[in-house]
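Read the structure below first, then the notes.
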Amino acid sequence: MDTESTHSGYSYHSSRSGRSNRHGDRSRERHKASSSKDSSRSERSVVINPPDTPSQDSPVHNGEPLPGEPTPAVDPGDEAQDDNWGETTTAVTGTSELSVSQEEVVGLGKGIQDRTQGFRRYLPLAVGSCVGLLVLATPLVFLLLPAVMWPDRLQACGAACEGLFLSISFKLLILLVAIWALFLRPGRASLPRVCVYRAFLTTLTLLLTMSYWLFYGVRILDAQDEDYHGIVQFAVSLVDSQLFVHYLAVVLLELRQLQPCYSVCVIRSTDGETRHYNIGQLSIQRAALSILEYYYRDFPLHNPALLSASKHRAAKHLAGLKVYNVDAPGNAAGAQPGNGNQSRAMVTAAAKRKDSAHNELYYEEADYERRVRKRRARLVVAVEEAFTHVRRMKKEDERAAPSDIMDVREAALAIFPSMARALQKYLRTTRRQHCHSMESIQKHLAFCLVNNMSPKAFLEAYLAPGPTLQYGPERWMADQWTLVSEASVTNGVKEGSEFLLRCLDFNLAVTVKSIPYIRLTEEYIDPKSHKFILLLQSETSV
């Protein structure tokens, strides 16, 4: 079978010479030897060969489809499959010395990336913490150095000076809470470039602090100023300046982006799923981060199995065509005059088949919708019967002994087999069986039983695809994105900006349009202008 999978991309002629057959036998023996030697070295290496027939499944690896490969379409004959939950499909493929497994390809740069990922993640936090400590400690140092270095020559601090002590204490406390609320939040993502406004604010804070230190060193430390009240006022002015810098940070980082200025169109490259969002004045990388947050909330889970229907239909269409190689040995009849008529007949048949392709698509979609409605009806009936049984057993448990009462988890495990078959067949028909595991379904069932939910509330999670964030990270596999942009990612978005968000299986194409300037005018309507008088005639026909 290894030999067949390896040579599936080639065509052999029946009229081969004996020397060619012996050469093929020797090549197959060498291939078997190399496969057995390489299998001991790498058991998980897979060679992906082009399918020779449209019914050949895509290669799988460890029971899972390879990323980027379409999941095989569900045939109408899936009803005859077994009902073992979580079944896997195994495809045997040949190995060669040049074959490389997916883990080896992904792990080429993973070691270096893992070593630098933690450094890049915690470096901004470390720099921000150091700057924050410098900001908070500088006013206190300004107050303590004169009392330590020349305490005998300092003037007495009166009531006004002591009031400044109280003021600087509360201002520092407010500044500490404000820094914690704005800058010490957990990071949501790792951006490719440094945020321009954060770098500007950090530089401005350092310049402000260094300027105060220079003035303090020249005018107070060198001269050993004896006016302690003036030193305290100097420290208070530093704290006031730091509070204004923090206000500027709130305006630049939080308030500036609240007013919507642009409308972005986000299109998923595989299925064309489209959403529109309004954003404010943001850089390209910050806009990409906001769009990804919207994506996990609003976009349905990406399902590659739904994309394989068109490919399967195209492969089935090509399977009905017979292609002859007129240059191949043994096809002497290809040069006969009648071959042109045969070719023209094949072209005509292909054109007729192409004209009827829409008819095939119509009946295929109609049959698919019929099977989905049938599976849905069976699932709804099975779930309603299971929940009715639970309610009946709950009433019986109220009269039973405490030792005989069943736990909610046990009740979910008890009624799950009655609906598992219908649920699995429905998920298989709608090609969403890989989105839900048996453990997650049982956990959701127990949650619904604890909170006394209806059968419809339980089925809502399976009848329609939910947002991406509803499923676990192992389902959507998109924890790392690549931002592709012609402009610098630190530039602000503007009218006509386009960039791409790329992950493992698909891309998100983003187009930016500016919200138009809206001019509203007022038109006054006189209340007396729309009054009318109704005149009734006293004469009647009676």
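The values are calculated or read from the model by the stated rules, or taken from the named source; none is laboratory data. Not measured: the values here are computed from a predicted model. Backbone-built Cβ (ideal geometry, glycine too); neighbour counts: all protein chains shown. Quick note on the areas: whole protein, heavy atoms, side chains included, nothing else; ligands and nucleic acids left out. Shrake-Rupley method; radii C 1.70, N 1.55, O 1.52, S 1.80 Å.
List every residue pair whose Cβ atoms lie under 9 Å apart, where the two residues are 6 or more positions apart in sequence or sit on different chains, the first residue falls within segment 354-371 and is open to solvent by less than 50 Å² (accessible area, probe 1.4 Å) and at pLDDT below 75, and the second residue, located anywhere, is part of a helix (DSSP H, G or I) and not charged (D, E, K, R).
Ala357/His317
Those residues that are touching a residue at least 40 places away in the same chain (Cβ under 8 Å) and open to solvent by less than 80 Å² (accessible area, probe 1.4 Å), I need them from segment 166-178; list them, please.
Selection gives Ser167, Ile168, Lys171, Leu172, Leu175, Ala178.
Looking at segment 212-242 only, could you name the residues that are assigned to a helix (DSSP H, G or I) and open to solvent by 70 Å² or more (accessible area, probe 1.4 Å)?
Trp213, Leu214, Phe215, Val218, Arg219, Gln233
Would you confirm whether any residue within segment 276-297 is touching a residue at least 12 places away in the same chain (Cβ under 8 Å), in a helix (DSSP H, G or I), open to solvent by 30 Å² or more (accessible area, probe 1.4 Å) and aromatic (Phe, Trp, Tyr)?
Within segment 276-297, one or more residues are touching a residue at least 12 places away in the same chain (Cβ under 8 Å), in a helix (DSSP H, G or I), open to solvent by 30 Å² or more (accessible area, probe 1.4 Å) and aromatic (Phe, Trp, Tyr).
Which one of these does Leu445 not meet: (1) open to solvent by less than 40 Å² (accessible area, probe 1.4 Å); (2) part of a helix (DSSP H, G or I); (3) out of contact with any Phe, Trp or Tyr (no Cβ under 9 Å at 6 or more places or on another chain)?
Every listed condition holds for Leu445 apart from (3).
Would you mind stating whether Gln259 is of a type in the set (S, T, N, Q), modelled with pLDDT of 90 or more and under 23 Å from Arg502 (Cα atoms)?
When the stated conditions are applied, Gln259 does not pass them.
Within segment 179-196, can you find the residues that are surrounded by fewer than 17 Cβ atoms within 10 Å (Cβ to Cβ), touching a residue at least 12 places away in the same chain (Cβ under 8 Å) and either of a type in the set (Gly, Ala, Ser) or not in a loop (DSSP other than H, G, I, E, B) (or both)?
Within segment 179-196, Leu182, Gly187, Ala189, Ser190, Val196 meet the criteria.
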